[in-house]
Each structure stands twice: as structure tokens, then as C-alpha cells.
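Note sheet for the following structure.
Laboratory data are not the source of any read-out in this text; all were calculated from the coordinates shown. Keep in mind it's a predicted model, so treat the numbers as computed, not measured. Note: ideal-geometry Cβ built from the backbone for every residue, glycine included; neighbour counts use all protein chains shown.
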Amino acid sequence: MRRKLLFLGCNYDQIPYLESIDKQNWKIVGVDLNQNAPGRHLCDKFHSVGYDDLTGLIEVGVIEGFTKDDMVFTAAAQFAQKGAAHFAAHFKISFPSESSIDLCLDKTKYYDWFSKNNIPIPKTWNIKNKDELKEKVRESKSEWFYLKSDFSKNPNYVYRFNSSNIPWDDFFWGKDRYLREYYVLQEEVQGTSLRINVFGKRFNVFDFLIGEKTNIHHKKILTLNIIQTLQQFIKRQGMQNWLVKFDIILSDNAYVVLDIGMDPPSRMLRDSQENNIIFARHYISQYLYGQVTYPEILD
């Protein structure tokens, strides 16, 4: 009997992953809020349920008879990982915990975790309103700041501003999926902005501003034990089978971590396409089987 796999999100971007899984011996149960999702035809069963409908996902699992021997996968926006983790916990399927996903989605949580576990971050405050923002900017000696909502996904509610010219009218203070409770105010750190993708014992580095892969910082990154530190974080969150993205600022002899990403890495995906590599096949190999098979050209 084929094992079942719940696949969250079936739009065009997910089709390469669906095609790779479809070539293997899985019974694919797809879910997407769009009844006519373009990846629907690649699923053995399909349910029109959003990946953020936690109750609806459990109902799908019950209908389809999911057990602990089955699997969950998503290559959709990282918010989909919350639904995947909730589903996995209910059916006792091996998957990172919902609390780990919550940690990685909420900037206030992971900055607090980093601070308590000796992972360097910029000077940071949680801000609830304009008065608190004005007070912290006045207390700081920094000239430039970033203001980012707790669940922001660039460019949603990510602002850079000068202390002498705060763009009050630009800031959104309502509540939605990107701003749940707090803004995070951080002093700007000088250095080189890098995206680091960590996959198993391997990694690659992209210059964040131009989006090109680079190895000129590898020696410094290894000397500062950055990869080891990030790998330890990944292990503690139960994400050893995942490709996890980190944004950092690297200076002469120090660094700070700015962000975590759990969705497929767009820069590495583009690199794969330019080298005629079927990225989805290797991504699936790591997530479902714990095998890191990406060609070395991607390192």
C-alpha cells in the first residue's frame, strides 16, 4: 500500500515539486484554497482547503485516513509550514514541532531566542505604538534604523529610516497577517548583507544586494563559526532535513543574524535553472528522505 503525503499549496510554483513526488510511490493528497489550483491534476486526491485552515486540514487527514507512517510536505509560502506542523502533530507524523515553526515565523520570538542563546543580533526593541517608537529612537545613539513587523515578509512592513526624519505616514499600525502585535525596531548594523542557505553539512552564500552567489566571505564565515552556530539552531528546532535560509550582516570580525526563511530559496532555485539542475528533485530528496544530493556547483 502506498504511503500518503499531504501536499500543501498547489499553485504554479509548486508544480515542479508535485511532479518530482508524482514520480515516486506516494499517494498525493493535495490541498489548496483555489478549487482550480493548477497542480490539482497531479494529486491522487484534492481538497479545496487553505493551508492556514488548521481545522480543515485535520478534517482532510481524517477523511483520507492519515497515520503516523505518512508524510507532510509544502513548498508554498513559509506560513504554510504552520499548517503542516499542526497537521503532523495531530497524526503523530515526523515533522518539526509547531512551536519551532511559530518561533521561526515570529521575529519577536526568534530574536529573543537568539539573544538568550548567544547568537548575535542588532540592538533590538519590541514596539507597540508611535510613542514607544519615538522614545526608543530618542534613547538610541544610532542614526539609521530598521522597523519590521513581527511577521513581516519583505517588502511587507519593512522600513528603513533616519532618526532625524521619521516617515510616520508610511508606517502601518493596523493588524493583519504581517503585523500581529509588535513592530521590531533595530539599529542599523554596518557591513555586508548576505543570504546563507544551510543544507545538511553544506552551505552557500549569496550577496543579498545583487543576488549573486559568492565565496569570498567563506573564510571569515568559517572562522567566526557562523555555519556551526546556524546548524546547531537548525538541529535544536528539529529541521535537520530542511534547507533553512538566514540573512546576516557580516563585518570585519563580527556578524548579526537578521532573518530566518523556511520556503524554497529563490536565489538557489535560479542558480539551479541556470545550470540545468532540477532543483525540486534534490529538495524533495532532502525533505522526504534526509539525503542531501544537491550538485556541488550549487555550494
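Scan region 242-282 for residues that are hydroxyl-bearing (S, T, Y), touching a helix residue (DSSP H, G or I) at 6+ places or on another chain (Cβ under 7 Å) and touching a residue at least 60 places away in the same chain (Cβ under 8 Å) and jot them down.
Correct list: Y255 only.
Could you give every pair whose Cβ atoms fall below 7 Å, whose first residue belongs to region 1-27 and is without any contact (Cβ under 8 Å) to a residue 60 or more places away in the chain, and whose second residue is of a type in the set (K, R) and assigned to a helix (DSSP H, G or I), counting only separations of at least 6 or pairs across chains?
C10/R40
Provide a single number: the residues in region 44-62 that are touching a strand residue (DSSP E or B) at 6+ places or on another chain (Cβ under 8 Å) and of a type in the set (A, V, I, L, M).
Total meeting the criteria: 3.
Can you tell me how many residues within region 127-142 are assigned to a loop (DSSP other than H, G, I, E, B) and either at positive phi or touching a residue at least 40 places away in the same chain (Cβ under 8 Å) (or both)?
Result for region 127-142: 4.
Of the numbered conditions (1) of a type outside the set (A, V, I, L, M, F, W, C); (2) assigned to a helix (DSSP H, G or I); (3) in contact with a Gly (Cβ under 9 Å, 6 or more places away or on another chain), G61 fails exactly one; give the number of that condition.
(3)
For region 190-210, does any single residue satisfy the condition of being hydrophobic (A, V, I, L, M, F, W, C), out of contact with any Lys or Arg (no Cβ under 9 Å at 6 or more places or on another chain) and exposed (fewer than 13 other Cβ atoms within 10 Å of the Cβ)?
Yes, there is a match, as at least one residue in region 190-210 is hydrophobic (A, V, I, L, M, F, W, C), out of contact with any Lys or Arg (no Cβ under 9 Å at 6 or more places or on another chain) and exposed (fewer than 13 other Cβ atoms within 10 Å of the Cβ).
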